[in-house]
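To start, the structure under review is shown below, and the notes come after it.
Throughout, read-outs are computed from the coordinates displayed, never taken from laboratory work. Being a predicted model, the structure only gives us computed values, none of them experimental. No Cβ is skipped: glycine too gets one built from the backbone with ideal geometry, and neighbour counts run over all protein chains shown.
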């Protein structure tokens, strides 16, 4: 019997289905299950197209609950393709495929969320905002740059990871995580991101302290506390507020909505102070 | 804002929402980001500079708003498009527009989360179609369930409510609402807006800071602008940051090679 193989065309087709339609039918029951099974259809056609029973069983195998960060997680359907090819040739059994898929959920979600979604996207956006902020009439360059760089870079990454998953099967996850390069790139990008976030904090966060003391006669401003604070350390209050938010979210695990409420209250108090002391 | 413009913006609300037909790379993480959304709305409504200023405001506040594991705290696509469109309709200067951007972003974001939860529940019925397809050994039903079904629900839940909200904004847009907003509220909202940027920055720090030395790196960027802000632009700081990151990478890469 000839060895069964997935055609190049079907692999490419499977990746495109995943790239565009990975989130089309998210739901509480199987999360990305339908999207995963849909992604596998060209591959299933190649491997089991001649048998209705095998096709039915393969579809059921992939309709089960699955979740990942869908961009970096493109490696998962890649690995699944490799596993199905091995199964069609008598290599692995059904239980192994299901078990591996479940095992992939955790690490691929974690890498995808922490490296791509929480690091790359904010860094790219901060650079885009920096451009918009300083480019004057050409402010539109910021979003335009992001709209080109982000999708294009992610498209290549997703395609690369999908093919890596297919080529190396399960080893690919190890290869991807073990190469020290990934840590080094992450650290370098973190440095880039932190400097820019620091600059953005100084540039955009504003916390007024609208308190002043006026002379009783004439109403001249004797002490303006806002100016006083800024002459000691410029933008001290914005820095303090940002670090407080960091502590509340990062260490005390406050939800963003709760922090927003706190900021609203603080803003109300500061505005009231401003009116009481006649600054506003 | 005429009907055509409202339809166009509502279409982008749908495309930029999580799990739309163009995928999260082109949609949610691209069209759904406030900075990109502000540019799109600015183009449609013909005021890109003001839209971008408002976009910066929202983008800063929501920079740390990511969605790990599909847990939605806020629908950025809804919040951004509705917020900026509403602000542009009711305010012609940054000072008036920025009070409205929070109001409409709040309305949009809240509707968005409700719609997401609804779609997360309604899509469960699609599993029955997919299961039936699997029983029959018919792969075509996967496309039917995943894309046709999922996106019919997705489109109806995103496009229709967004259009209704946008048309209501458009209908009341003739009245000069800014006149009825008391001065203290405008002042308070402007204070709030400036402080909200700390939310995005703080959340972002909680992702990025892993060691103590990271605070020093953060302070470098802060001090550069706080002390030398009149001499250096944000872009200049970004270039400096890129140089430092590159030097760090190269130095450590060689070390790894030597070992």
- At a Förster radius of 51 Å, what calculated FRET efficiency corresponds to the Cβ-Cβ distance of residue A:258 and residue A:94, to the nearest 0.05? 0.65
- Message: Given a 10 angstrom Cα cut-off, can you work out which residue in B:220, B:15, B:43 is the most mobile in a GNM of chain B?
- Response: B:220
- Highest average packing first - A:51-59, B:95-103, Cβ atoms within 10 Å: B:95-103, A:51-59
- Message: Quick check on packing: order B:26-33, B:226-233, A:132-139 by the mean number of other C-beta atoms within 10 Å, highest mean leading.
- Response: B:26-33, A:132-139, B:226-233
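Which of rounded, prolate or oblate describes region B:98-140 when judged by the alpha-carbon gyration tensor and an a/c cut-off of 1.5?
prolate
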- Over all distinct Cα pairs, what is the inverse of the mean 1/r for region B:3-208, reported as the Kirkwood hydrodynamic radius in Å? 17.7 Å
- Task: May I ask you to derive the relative contact order of region A:205-276, considering only C-alpha pairs under 8 Å and at least 6 residues apart, and to give it as an integer percent?
- Result: 32 percent
- Connecting every pair of Cα atoms under 10 Å apart in chain B and solving the GNM, the largest mean-square fluctuation among B:171, B:130, B:238 falls on B:238
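Quick one: grab the alpha carbon gyration tensor of region A:122-170, order the square roots of its eigenvalues as a ≥ b ≥ c, and give me rounded if a/c is under 1.5, else prolate or oblate depending on whether a/b is larger than b/c.
Prolate is the answer for region A:122-170, as a/c is 1.5 or above and a/b outweighs b/c.
Per residue of A:153-162, count partner chain C-beta atoms within 10 Å of its C-beta, then hand back the mean as an integer.
1
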- Over all alpha-carbon pairs of region A:205-276, lay out the pair-distance distribution in 5 Å bins, whole %, shortest bin first. 3, 14, 19, 21, 17, 12, 7, 3, 3, 1, 0
- Message: Please report the spacing between the Cα centers of region A:234-265 and region B:1-60 in Å, no decimals.
- Response: 27 Å
- Note on the structure: If one builds a Gaussian network model of chain B from Cα atoms under 10 Å apart, the most fluctuating residue listed among B:60, B:185, B:157 is B:185
- Taking only the alpha-carbon atoms of the protein assembly as shown, what semi-axes of the equivalent ellipsoid follow from 5 times the gyration tensor eigenvalues under a square root, in whole Å, largest first? 46, 28, 18
- Task: Grab the DSSP H runs of chain A that are 4 residues or longer, score each as -39,500 (n - 2.57), total them, divide by all residues and round the 222 nm result to the nearest 500 deg cm²/dmol.
- Result: -22000 deg cm²/dmol
- Item | Tensor-based shape of region B:210-259 (alpha-carbon gyration tensor, a/c under 1.5 rounded, otherwise prolate or oblate) | oblate
- Task: Using only Cα atoms, find the angle between the long axis of helix A:256-276 and the longest principal axis of chain A, and express it within 0 to 90 degrees, rounded to the nearest 10.
- Result: 10 degrees
- Note on the structure: Ranked output for segments A:199-206, B:3-10, A:240-247 by mean other Cβ atoms within 10 Å, highest leading, reads A:199-206, A:240-247, B:3-10
- Query: What is the gain in length, in nm to one decimal, between residue A:228 and residue A:152 on full extension, counting 0.36 nm per residue of separation less the C-alpha to C-alpha distance?
  - Reply: 22.6 nm
- Task: Starting from the exponent 0.38 and prefactor 2.2 Å, build the expected Rg for chain A from its residue count and divide its actual Cα Rg by it.
- Result: 1.44
